[in-house]
Amino acid sequence: MRSIKIYLVFASIYLLTAAHVGSPNIVFEGNAGPYKLLINIQPPDVVPGLAQVSARITEGKASNVSVQAIYFRYGGDKAPDPEAAKQVAGDANLFAAELWLMAHGSSSVKIIVDGEEGRGSTVIPVPALATAQLEMESELGVVLAILGLILFVGGATIIGTSTGEATLTPGDAINKKKRNKAVLVGVSMLFVFSGVLYLGNLWWESEESSYQRYMYKPVELAASVNESRVMRLHLKDEGHFDRKAGDLIPDHGKLIHLFMISDKDMNTFAHLHPVKFDSVNYDVLLPDLPAGKYNLFADVVHQSGLNETLVTQISLEAPKAQTAAMPIAFTDENEQSQSKISRDEDDSWYRFTKPEGQQQKIGKYIMTFEQKADKKFVAGQVESLKFSLTDENGLPVVLEPYLGMLGHSAVVKEDASVFIHLHPVGTISMAAQEMLADKISDDITLCVVLDSSNYDMSNLKSLNPNQITSMREEIFKQMEEKGLSNEVSFPYAFPKEGKYRMWVQVKVNGKVVTSGFDIEVDTAPEVI
Amino acid sequence: MIKTTFFGSQAEKAKGVWFWGFRSPLSALFLVWGALAMLTSAPFDDWWHNAYGLDVKILSPPHALLAMGMLVIQLGAVIQLLTYQNVLKSEYEAANYEQKLILDKKFKRVKLMYVYTVGMLIAILGVVLTEYMNPNVAHASTYYKVGGFIFPLFMVSAGRASGLKFPITIAALFYTGINLFMLWFLPLFPAEPLLGPVVNEITHYVPFEFPHLLIVPAVLLDLYRNKTSFNNDWINAALMGTIFFVSFFVTQRYFSEFLLSDYAKNWVFAADAVAYNWNPDWQYRFEFYPWRAEEFPVLMKGLAIALGITILSSRLALLWGDWMRAVKR
């Protein structure tokens, strides 16, 4: 066996705040039977804890929406009865509910919609993971300390006086001896109470340490690169609820979706698919990315439907023969011969160029961010981020299914504290949804995976986008007839204010086309 | 307390005690302390849930504070009755025959109410301590250490403080009655679990455990009190502690075996009742937990410590009983 000489080892472990880096909210856009929904779920950060669910019906007339907590380990049979969501006053299509998630690990919220068109259900993976490390706020601490002190000294006084004045017949005056005894008892009670407090504190500490034991610890990711620029990802899993080393399942046909984004400037972006070496090691042939430090985000789904984003960093040296000016797509002819690992055909990488207004030119295509230039994005608000692809003449270019969808997107905050891999269905993993739906006996509407059976592009050749611009209407008409699209949209709620970069990846003529846009997000206005 | 301090007559004030400048009946101080402890536990518990998740168990530090508040309020009620009882007693001693007849009835009612509150207190404690004292752990010494500390403290002290002939027995009867009432009547009402996972399908309220057979040590303790009594309370404590420990150990050890057997799987003993979040097929459901089993020497040592604890608790209880007999404000 060839020894892998590791010449670059750099790994740092991020402190994660959730399975999804810095972006715990779950947004889903899809169907429940005949109804179309937009769901936003805020998972609990302690377990047992409350998940906040909001469901907007975007198509169809719903009369009732109910939600049900379903755990991977226990399945639909052992779930409690569904709870009715309340219709939000003033909005007939918006329903909200609070739902207890009681068991750690892979769990989900089943959404049941009843209305004019009957019943429809879907299931949304919502991990129940203890991620909170809560310190007591100083105000609460002060209030509790004062109350505690009153109880402490007050209790001792009461017991002291119990042995003194309280034993006297009403009206009798207390004598010195009795008073001294009362004081002595009171003071000794202070010591007894101190002992009780000490034991209480020991108890608290043991509860704290058992909480720590159950706290979510993400799979640790370590990356190293060898001479042939093969990067090895090592997944170190000490085990957690519904998760063990080497239990990854493919999502969109890939075990790992790895996003490499250059640190600070975020100008270089790669979406790669490492292949399995053994259950805890995955290899990927690196493209000719320029030297520098990269943030690595690896999206994985476990057998239980638990979806995680693993994080690490790596510093890359310059490739051996670096081209002076970096092209939009890196060439890889030289590497292919050196490495036994072949490149995954869906791997793609990209160098950011500043868009002109809301449009970015990539080769002969133009990607447009369908959003007013002065649009204000607000943290916590669910938005549909829509993009369309045209050619240089402004004619629509039909998108091909890329990994089963019309597009993929990655969103990163400037300081790398937020990362999310988005799909047209939202933040959820379709593989996770499938695993959880397997545990429910009812009819569950799953996300649609696009292929030639439901997205037929075979007759598209008749569309010749090089013809005159008046063809435009005709192309749209044909697209509509065949159910094809040149648009892709991603529902998402930015978790906090700041500068984000969003990469949008679509497939045209068998090639992945990537574009990048900068988005600035404001703080949510204070609700009074 | 506020009323006595600011608006109380001289006579009312004289019935109170000093507390940080206030004048108040002692029982009111207990009530205030208990209420304050319960109030304090609320934000503490809320924080606890945010920090560590909802604790679906009886004992956690904030819950312990809440339970302490509840117990102290219950104690406040006990003291109120005791004060009344003791004041009545002084009146009774000074009264003539006719007055005595009138007081007799009143006196008896107050005495009964006092032992009722003791029974109620023991019932609350029984719920709080269930994690240490359920049939599945009744062969381990911890059971007898916890029981030997808590029960004599309330039972022996009640024996000393009450003027009744069989106060401990009556308190134990109240304790048993309250528990059996819940055990037999709650399961008649339909209920469904709203939290999951629902490992055990239930349709009605699930009854709590069958009460401890405290009636056995209670009768023996009362008999001891009525037949013999030494002037030295250390000897009394040693004997009463031993009586309690031996009778409690023997009854619970064998009764727990009965509760885990098929004979107890009926509505009377409700030993087959299991909550929604417990696996009904759990392999240790009707067994003494093997991980709590103790080797013979370890068990003997544990039981010896339990006996020591029981005797010390009885001594404390006698002291407390003396005080309860004396409290007048």
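The values are calculated or read from the model by the stated rules, or taken from the named source; none is laboratory data. Predicted, not measured: the structure shown is a model, and the values here were computed from it. Quick reminder, even Gly has a Cβ in these numbers, built from the backbone with ideal geometry, and neighbours come from all protein chains shown. Surface areas here come from the heavy atoms of the whole protein model, side chains and all, with no ligands, DNA or RNA. Shrake-Rupley method; radii C 1.70, N 1.55, O 1.52, S 1.80 Å.
Summary of computed values
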read-out: 5 angstrom amide H check on residue B:272, placed H, neighbours 5+ away; value: B:266
read-out: Listed residues B:90, A:388, A:458 arranged by accessible area, highest first, probe 1.4 Å; value: A:458, B:90, A:388
read-out: Under 5 Å, built H, 5+ apart or other chain: amide partners of residue A:377; value: A:522
read-out: Ellipticity estimate at 222 nm from DSSP helix runs (n ≥ 4, -39,500 (n - 2.57)) divided over chain B, nearest 500; value: -22500 deg cm²/dmol
read-out: Selected from B:301, B:89, B:227 as most flexible by GNM, with chain B as the system and alpha-carbon contacts under 10 Å; value: B:227
read-out: Electrostatic dipole magnitude of chain B [Cβ: Lys, Arg +1; Asp, Glu -1; Cα centre; debye, to 20]; value: 1700
read-out: Phi-based couplings in Hz for the stretch A:87-92 (Karplus 6.51, -1.76, 1.60; Gly and Pro marked x); value: 6, 6, 4, x, 9, 5
read-out: Whole-Hz couplings from phi, Karplus 6.51/-1.76/1.60, listed for the stretch A:394-411; x for Gly and Pro; value: x, 7, x, 10, 5, 7, 9, x, 10, 6, x, 9, 6, x, 10, 9, 10, 10
read-out: Residue B:320 accessible area, assembled protein chains, probe 1.4 Å, Å²; value: 70
read-out: With all protein chains modelled, accessible area of residue A:104 [1.4 Å, Å²]; value: 30
read-out: Sequence-separation-based contact order of the stretch A:16-125, relative, with Cα cut under 8 Å and 6+ spacing, percent; value: 28
read-out: Accessible surface buried once B binds A (1.4 Å probe; total of both sides; Å²); value: 4000
read-out: Area accessible to solvent at residue A:213, 1.4 Å probe radius, in Å²; value: 150
read-out: Relative contact order [Cα under 8 Å, 6+ residues apart], the stretch B:33-73, whole percent; value: 69
read-out: Karplus 3J(HN,Hα) series, Hz, for the stretch B:70-84 with 6.51 cos²θ - 1.76 cosθ + 1.60 (x for Gly, Pro); value: 4, 5, 5, 4, 4, 4, x, 5, 4, 5, 4, 5, 4, 4, 4
read-out: Cross-link pairs beyond the 30 Å C-alpha cut-off, checked among B:165/B:301; A:217/A:499; B:15/B:145; A:354/A:477; A:176/B:108; A:217/A:386; value: B:165/B:301; B:15/B:145; A:354/A:477; A:176/B:108; A:217/A:386
read-out: Pairwise label distance in nanometres, residue A:179 with residue A:98, each label 7 Å out on the Cα-Cβ vector; value: 5.3
read-out: Helical contribution to [θ] at 222 nm, DSSP H n ≥ 4, -39,500 (n - 2.57), averaged over chain A, rounded to 500; value: -6000 deg cm²/dmol
read-out: Highest-MSF residue in chain B out of B:309, B:79, B:235 [GNM, Cα springs under 10 Å]; value: B:235
read-out: Nearby lysines by direct alpha-carbon distance to residue A:254 (threshold 20 angstrom, same-chain neighbours under 8 apart not counted); value: A:236, A:244, A:276, A:340, A:507, A:511
read-out: Prolate/oblate/rounded call for the stretch A:346-437, Cα gyration tensor, a/c under 1.5 rounded; value: oblate
read-out: Residue A:228 long-range amide H proximity, modeled H, under 5 Å; value: none
read-out: For chain B: relative contact order, % (alpha-carbon pairs under 8 angstrom, 6 or more apart); value: 22
read-out: Nearest-ten-degree value, helix A:176-214 long axis tilted from longest Cα axis of chain A; value: 20
